[in-house]
1. Out of all the residues in the stretch A:91-104, is one or more more than 7 Å from chain D (Cβ to nearest Cβ), touching an Asp or Glu at 6+ places or on another chain (Cβ under 8 Å) and closer than 16 Å to D:Leu90 by Cβ?
2. Find the residue count for the stretch C:155-176, including only residues that are in contact with a strand residue (DSSP E or B) (Cβ under 6 Å, 6 or more places away or on another chain) and either of a type in the set (Lys, Arg) or assigned to a loop (DSSP other than H, G, I, E, B) (or both).
3. Among the numbered criteria (1) surrounded by fewer than 17 Cβ atoms within 10 Å (Cβ to Cβ); (2) farther than 26 Å from D:Asp125 by Cβ, which single criterion is violated by D:Gly158?
4. Any idea which residue in the stretch B:1-27 is farthest from the other protein chains (Cβ to nearest Cβ), counting only those that are under 16 Å from B:Lys111 (Cβ atoms) and part of a strand (DSSP E or B)?
5. Can you find a residue that is of a type in the set (A, V, I, L, M), in contact with a Ser or Thr (Cβ under 7 Å, 6 or more places away or on another chain) and open to solvent by 40 Å² or more (accessible area, probe 1.4 Å) anywhere in the stretch A:170-193?
6. Where residues in the stretch B:231-257 are basic (Lys, Arg) and at pLDDT 95 or above, which of them is surrounded by the most Cβ atoms within 10 Å (Cβ to Cβ)?
7. With the condition kept exactly as written, say whether any residue in the stretch D:80-88 is surrounded by fewer than 23 Cβ atoms within 10 Å (Cβ to Cβ) and away from chain A (no Cβ under 11 Å).
8. All but one of (1) over 30 Å from B:Ala25 (Cα atoms); (2) not in a helix (DSSP H, G or I) hold for B:Ile179; which doesn't?
4 protein chains.
Amino acid sequence: MKTLIDLNADAGESFGRWQLGDDAALLPQVSSVNVACGWHAGDPGTMRRSVELAVANGVALGAHPGFPDLAGFGRRAMALSPAEAADACLYQYGALRAFAAEAGARIAHVKPHGALYGLTLRDPDVAAAVAESVTKADPDVMLVLLAGPTAQRVLDSGHRVVREAFADLDYDDNGHIIIEPVPGAKDPDACAQQAIDVLRGGVTSVNGTAIDVDADTICLHGDRPNSPDIARAIRARFEQHGVHTATMREVVATRNR
Amino acid sequence: MKTLIDLNADAGESFGRWQLGDDAALLPQVSSVNVACGWHAGDPGTMRRSVELAVANGVALGAHPGFPDLAGFGRRAMALSPAEAADACLYQYGALRAFAAEAGARIAHVKPHGALYGLTLRDPDVAAAVAESVTKADPDVMLVLLAGPTAQRVLDSGHRVVREAFADLDYDDNGHIIIEPVPGAKDPDACAQQAIDVLRGGVTSVNGTAIDVDADTICLHGDRPNSPDIARAIRARFEQHGVHTATMREVVATRNR
Amino acid sequence: MKTLIDLNADAGESFGRWQLGDDAALLPQVSSVNVACGWHAGDPGTMRRSVELAVANGVALGAHPGFPDLAGFGRRAMALSPAEAADACLYQYGALRAFAAEAGARIAHVKPHGALYGLTLRDPDVAAAVAESVTKADPDVMLVLLAGPTAQRVLDSGHRVVREAFADLDYDDNGHIIIEPVPGAKDPDACAQQAIDVLRGGVTSVNGTAIDVDADTICLHGDRPNSPDIARAIRARFEQHGVHTATMREVVATRNR
Amino acid sequence: MKTLIDLNADAGESFGRWQLGDDAALLPQVSSVNVACGWHAGDPGTMRRSVELAVANGVALGAHPGFPDLAGFGRRAMALSPAEAADACLYQYGALRAFAAEAGARIAHVKPHGALYGLTLRDPDVAAAVAESVTKADPDVMLVLLAGPTAQRVLDSGHRVVREAFADLDYDDNGHIIIEPVPGAKDPDACAQQAIDVLRGGVTSVNGTAIDVDADTICLHGDRPNSPDIARAIRARFEQHGVHTATMREVVATRNR
């Protein structure tokens, strides 16, 4: 069983007049945060505040680029070409990086959001194009992809990849996560148990199939109504099992030892 | 003191993943509703549900067109020409009308939102262009403008105008309302008192100046956190004073008697 | 060989500062026009001018709703649900209808644009939901779908459907059109020949497969650089073969005789 | 008369399907380029190509952030607060910087576009907030403002400011430029003469008033139909007068000698 893992949260998903998620309660529980960059959520003012909140909580800061679809919150598939997907990630990463720079912080990682994440999973050319583009712009930045064959291929091609698993989403029999358009509240204990399952190397699909998982980070969704409770339940369970959290960079650094 | 008035609410201001306002609690308290049409709030799915809610509550249905500014919720001034402002209102009115038609309902009125409302107030050419355009597309539809000189001018030029006052906004010494980017909770009793003041023919500006008001309808903002409470306080006060509510059309019909 | 057909063009595809297509040269050549409604192209000012141009040319006016994707011109697939697709069509149809009403004109038909057209083709539930929604809002309006099984199914379910074929697009072996993100110039004679092929009941796919086509209308793309030349070539060929053009409504009226 | 000046052009103003300007013909004539960053023009693919074109022509690269108003091309005033304007500039600067980084280039300057430029001119708090924010994110970057009192104030407060004049726009009696929503063709000789006037220290307003101008750079608009001709006319006139062009950084470096 792994005893070191990053715990990351999607956050900064308010937009202008609309508030979403309780980031102030969630961020103290995680080691990394993925901040929305304006296309699916996160207007510039929200981005500024999200960066400040990440810095105040000492949490590693990542960009969370999505499809250009505010009405669909980036959770509706769009047929972007690999080049278009790479440009979308580069654009949004750059925008957040400027806010980070102003706050004296750095972007540690880039993690595509929602259906754009799903596209990197289903289309290896998209995953490769995004990795190529982002690491060319910033050789230090890491790309977060779902732990599995696509992530492994991009990793094997020499890019900095962080392999992710989910504590609060179901898996299908292919080992793909099932994205909910509007996440509801979930049982914190069940999520904590799934996090422990990930650390033990496998989860169970909705149909009962065993899925092998080798992950560096575990994700929580900030727009789930009780996400702070879920995060606290996971942290408590980690403590019981002697699991420590660290940033993605720290976890990845121990990977090949 | 007037004893017949329309009570209207701005509503339908959610957008995709983001919820705003408790329309289900607010609509039973009002006689008219102004539904956001997609440019400042109100994606098509929200529009559909707002129309259904209006029909279910037997409330007169109006379009609430705003500036094309989701990030600013339509509350930041934009320098649209009179023709552009008229086209913006026509476009959004038409979109909502299609949802109304599908539900077997009609659009009773058009009320510009936020800073677009402010533009009709400050620029009589904009008010005239909007009135001209909307009534040409639908001779039955009424245009809601702030009770005052501009509204009177458009009314005098032969257009169907409903003159509006506000229960939950402050007035400046020019008799203009002071728009808040993010409305906070307000004392329901103070709002109810201001509604009664309107019925008596005048309100007091933030500087203590007496402002004459001759209004057909009184507005509440659905995105104010306690708007259902404010609405209930107003309705209770109306009952004490023997004031009845009716739709704009009914109120306007009694205007010249 | 058919001797009566509608010739329709996608037009009104400028947006604000950006001009696209030579609609003034194209519209005199066609009997119907599909006007962009703001989501993939066609800002409100362009919509107003497009309606005026249609009226001035005595051309039947249709709405051309697209995906909410200006950057992709509505030609990138998006996974909208049937309800979302229906709402998208209803919204944009309604917006254009208001401009038509102001000009004293009517909306004769609704034709989804680009990848939304492709979605109606691939997902019969989407086609059915759009037909249901649009005809409920306006029982007179006709829905334009690609001539083939999906169109036939919606037609058989009792909705007003116009079956479309293309003069300037290639077909694949499934009888589906191959959408080009950026249409280039095409040989006007080849397009004219394909139009005649359609009237004779069949086209040839890019792989040489014979595709049966039973169509009421033939489409041209206004954003193809030489679309007016193509339209003139088609009209000349029609004249040679004694083919007359008429609006969709007129063509459909002769369908069951 | 000055003999060293930067010549800059607004470019990269296509958007997706819509092409605008002949950047390939214009860029060889200038020493700096301001690239649209997605809010008023310039989708990510266009940004990528614009950066490549700037690099290929050895031209200094600048960000050209605008209001979030594609339909108005960023030329309609919007009432953004100083903080909102600063965030808008920072966001768009950052996005372009990522494309520059990927191409191995740097962002030399930031120049607000259209009505956002106008806002920095009319509201010194906006100019100060933008300067503060951008230079905090990148101490090397220069901010381009209209040569005049506002630019001088921001310069005096210690920020890197480049003072700009215009060869192809008229001035009013306040020394403010008159922004055209849709720039038409202009006489290249007249523009060349105005460029020389700037180098001599003054231009004449539309009403004949003499306006003092002390500028480091002269601007051309890439969306003016004959902008490459204007650029060539200016370069020819510069040659006649022994004027050399250089990047903003080089010109500014000579300022205090």
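1. The answer is yes, given that some residue of the stretch A:91-104 is more than 7 Å from chain D (Cβ to nearest Cβ), touching an Asp or Glu at 6+ places or on another chain (Cβ under 8 Å) and closer than 16 Å to D:Leu90 by Cβ.
2. Step one: filter the stretch C:155-176 for residues in contact with a strand residue (DSSP E or B) (Cβ under 6 Å, 6 or more places away or on another chain), giving C:155, C:160-162, C:164-169, C:171, C:175.
Within this subset, residues satisfying the condition of being either of a type in the set (Lys, Arg) or assigned to a loop (DSSP other than H, G, I, E, B) (or both) are C:160, C:167-169, C:175.
Number of matching residues: 5.
3. Unmet for D:Gly158, out of (1) surrounded by fewer than 17 Cβ atoms within 10 Å (Cβ to Cβ); (2) farther than 26 Å from D:Asp125 by Cβ: (2).
4. Restricting to residues being under 16 Å from B:Lys111 (Cβ atoms) and part of a strand (DSSP E or B), the top hit is B:Ile5.
5. Looking through the stretch A:170-193, none of the residues is of a type in the set (A, V, I, L, M), in contact with a Ser or Thr (Cβ under 7 Å, 6 or more places away or on another chain) and open to solvent by 40 Å² or more (accessible area, probe 1.4 Å).
6. Filtering first and then ranking leaves B:Arg237.
7. For the stretch D:80-88, residues surrounded by fewer than 23 Cβ atoms within 10 Å (Cβ to Cβ) and away from chain A (no Cβ under 11 Å): present.
8. All conditions pass for B:Ile179, except number (1).
The values are calculated or read from the model by the stated rules, or taken from the named source; none is laboratory data. Computed from a prediction, not measured in an experiment: that's the story for all the values here. As a convention, Cβ positions derive from the backbone with ideal geometry for all residues, glycine included, and neighbour counts pool all protein chains shown. The area values use the complete protein model at the heavy-atom level, side chains included, leaving out ligands, DNA and RNA. Shrake-Rupley method; radii C 1.70, N 1.55, O 1.52, S 1.80 Å.
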